[in-house]
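Some notes on the structure that comes next.
The values are calculated or read from the model by the stated rules, or taken from the named source; none is laboratory data. Keep in mind it's a predicted model, so treat the numbers as computed, not measured. Neighbour counts are summed over all protein chains in view; Cβ atoms, including those assigned to glycine, are modelled from backbone coordinates with ideal geometry.
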Amino acid sequence: MNKIQGRHFRAEKFDFWSFFFSGLTGLATLLILGILATILINIIANGCQGFSWHFVSTIPKKDFFDIKTTGVLPMIVGTTFRVLVMTIFVIPVGVITAIYLTEYAPSNSFITRIIRAAVNNLAGVPSIVFGLFGLGFFINFIGKNLDVLLHNSSAVWGQPALIWASLTLAVMTVPVVIVATEESLKAIPPGLREASLALGATKLETILKIVLPQALPGIMTGGILAVSRAAGEVAPILFTGVAYYMASLPTHLSDQFMDLGYHVFVLSTQSPNIEQTRPILYATVLVLLVLTFALNIVAIIIRSNIRRKMRSLH
Amino acid sequence: MTEISLPRIAVADAGPKAAPSAPFIEIESLSLFYGASKALKNISVTLGEKVVTAFIGPSGCGKSTLLRCLNRMNDLIDSVRIDGAVKIGGHDIYGPDVDVIELRKRVGMVFQKSNPFPKSIYENVAYGLRLHGVKNKSELAAAVEKSLQQSALWDEVKDRLHSSALGLSGGQQQRLCIARAIAIRPEIILMDEPASALDPLATARIEELILELKKDFTIVIVTHNMQQAARISDFTAFFYIGELIEFDHTAKIFTNPAKKQTEDYVTGRFG
């Protein structure tokens, strides 16, 4: 009997197609990993040459193409601040929109579907278009009118500035936060909302005390994705705030700023001597990668702290 | 069930309107529509105070829907429309001046699937009290302890009040939900198949608890389990496709129902 069963269950022949497709998926994965490894190894290996404490802590003189005197401190500061200011705007707006869509809006009405489609389309708009939008709306419309209202003799708000670049980035990344928040709100069991309402809580109390605390890690995920996307973007800040060169660090929201991503573009297109600039370029790219990574790590640590607190208790 | 002697049942009115001694919840020609479809058809029944009333019937008969009319949980569904009246203690809870928050404070609910908040055991019970403005710490602690004791959970959790409610077993979680509901001292507790997801032992504990709670609260329970209805309820209402077929003392429903449909259902011939 054993013999019969053994014969019955033994694989009859080599299955070519399943071997082929599992191999194909493996190869595709390897290809991606290979590309990523090549980029990282290339940048780290070449970037280390120009990388030094002096490099990250120096405000460069006008000629920043000389490896001995240049530095990227203003770019680090500029990129960090535009991302942080963006986060301050994008998270509340994105979260409140997501709350409206999941908790208040009639779930399948025409208007809700229009809003959802608009959010998705916003995510698909090319980033240079956001840059132009920022210039037209924030600087020329809001900024200029603000100057008129405040009776400023010269343009204070009606010119490229840190705040406008950050707001433009916030408009660009808000769909990411909305979608991530919506997903985490939808994942909360409806039973929890019912339990709260049945105890005599209002809808607002239920959202603030039960729903939002639960959704916090998901909201953080949205924030992390927004930060990752925004940190390396150059196009949206091109017309709205970034400066080719500034002798001092930005101190005010209406100041312009230097930026790592834009500086990479400047170094690679404006240099009088490409060979001499190359180590600076590599080191700047390395700093950009490390900074993006660091901003993400901070957010991920905060999120895991929240998760741990939720598991072990309030 | 054993408390109710047969002679008393014999004199009870057999119609769907058989009124218990003290009318408390009066449902008057209540119809409910989900969009165009009618889920409850012209239901009139009067439930008594501090007794256990069971709603039984096959799935989709409207018993849970009717239960949710009593604390207006159906308000949350956009397509629901209601005709008729529900009076609790003489007040129409669908009247224009009714505060739904106040109503839900007076009419608590326990759900089929235990749904403790992902907070500590203590915070779960304290949630409703905090909502309704209790801030004093010793007052909160006393109320939490009382509710946990009343729901027969205190001895099991008193040493870990501040650990997560999600670490409790299914039966404990459901008793915690009961503690949470009674913490705000409602007059009525609605239970929507509270033991259907529990094992027999945990079910038995919930049933004991219900018999204990009826000293202080009016209980309306929806159940699929006919033995359960027979064991714990004083009155039973049998529903079938949105209609109230029969309402009477539980003993009468299970031993000598007036309608053939009821008899077929309780004897297991359909449903």
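Side notes on the structure shown:
- Set A:Ser196, A:Ser166: member being within 14 Å of chain B (Cβ to nearest Cβ) and at pLDDT 95 or above: A:Ser196
- Yes/no for A:Ile178 being β-branched (Val, Ile, Thr), modelled with pLDDT of 95 or more, out of contact with any helix residue (DSSP H, G or I) (no Cβ under 6 Å at 6 or more places or on another chain) and buried (at least 16 other Cβ atoms within 10 Å of the Cβ): no
- Residue that is farthest from the chain's Cα centre (by Cα) [pool: residues in region B:189-206 that are away from chain A (no Cβ under 12 Å) and closer than 25 Å to B:Gly60 by Cβ]: B:Leu198
- Strands (runs of 3 or more DSSP E) contained in region B:34-107 and holding at least 1 residues within 14 Å of another protein chain (Cβ to nearest Cβ) and surrounded by 15 or more Cβ atoms within 10 Å (Cβ to Cβ): B:80-88
- A:Tyr262 vs. criteria more than 19 Å from the chain's Cα centre (by Cα), aromatic (Phe, Trp, Tyr) and either farther than 30 Å from A:Pro189 by Cα or surrounded by 17 or more Cβ atoms within 10 Å (Cβ to Cβ) (or both): no
- Search result, residues across region B:191-202 that are at negative phi and buried (at least 18 other Cβ atoms within 10 Å of the Cβ): B:Met191, B:Asp192, B:Pro194, B:Ala195, B:Leu198, B:Ala202
- Flag if A:Ile207 is within 14 Å of chain B (Cβ to nearest Cβ) and buried (at least 19 other Cβ atoms within 10 Å of the Cβ): yes
- Residue in region A:138-146 that is within 22 Å of the chain's Cα centre (by Cα), away from chain B (no Cβ under 14 Å) and either among the β-branched types (Val, Ile, Thr) or closer than 19 Å to A:Thr87 by Cα (or both) present: yes
- Listed here are the helices (runs of 4 or more DSSP H) enclosed by region A:226-314 that have at least 3 residues being of a type in the set (Gly, Ala, Ser): A:274-312.
- Restricting region A:182-193 to residues that are within 13 Å of another protein chain (Cβ to nearest Cβ) and aliphatic (A, V, I, L, M), the residue that is surrounded by the fewest Cβ atoms within 10 Å (Cβ to Cβ): A:Ala187
- Enumeration of residues in region B:146-167 that are crowded, with 21+ Cβ neighbours inside 10 Å, farther than 20 Å from B:Val52 by Cα and within 13 Å of another protein chain (Cβ to nearest Cβ): B:Ala165
- Residues in region B:127-145 that are in contact (Cβ under 8 Å) with a residue 40 or more places away in the chain and surrounded by 21 or more Cβ atoms within 10 Å (Cβ to Cβ): 3 in all.
- Against the list (1) under 24 Å from B:Gln228 (Cα atoms); (2) modelled with pLDDT of 90 or more, the condition B:Ala19 fails is (2).
- Flag set for B:Asn124, criterion: touching a Phe, Trp or Tyr at 6+ places or on another chain (Cβ under 6 Å) and within 11 Å of chain A (Cβ to nearest Cβ).
- Cross-chain or 6+ apart pairs with Cβ under 9 Å, region B:217-230 first and under 22 Å from B:Glu187 (Cα atoms), then of a type in the set (Ser, Thr, Tyr) and part of a strand (DSSP E or B): B:Thr218/B:Thr53; B:Ile219/B:Thr53; B:Val220/B:Thr53; B:Ile221/B:Thr53; B:Ala229/B:Thr236
- Subset tally (residues that are buried (at least 16 other Cβ atoms within 10 Å of the Cβ) and within 14 Å of chain B (Cβ to nearest Cβ)) for region A:281-312: 1
- Candidates B:Asp216, B:Asp264 - the one that is under 17 Å from B:Glu49 (Cα atoms) and surrounded by fewer than 20 Cβ atoms within 10 Å (Cβ to Cβ): B:Asp216
- Listed by position, the helices (runs of 4 or more DSSP H) inside region B:165-250 whose residues that are charged (D, E, K, R) number at least 2 are B:170-183, B:200-213.
- Selection status of B:Arg185, charged (D, E, K, R) and farther than 21 Å from B:Gly48 by Cα: no
- Only one of A:Leu122, A:Leu150, A:Leu132 that is surrounded by 12 or more Cβ atoms within 10 Å (Cβ to Cβ) and out of contact with any helix residue (DSSP H, G or I) (no Cβ under 6 Å at 6 or more places or on another chain): A:Leu132
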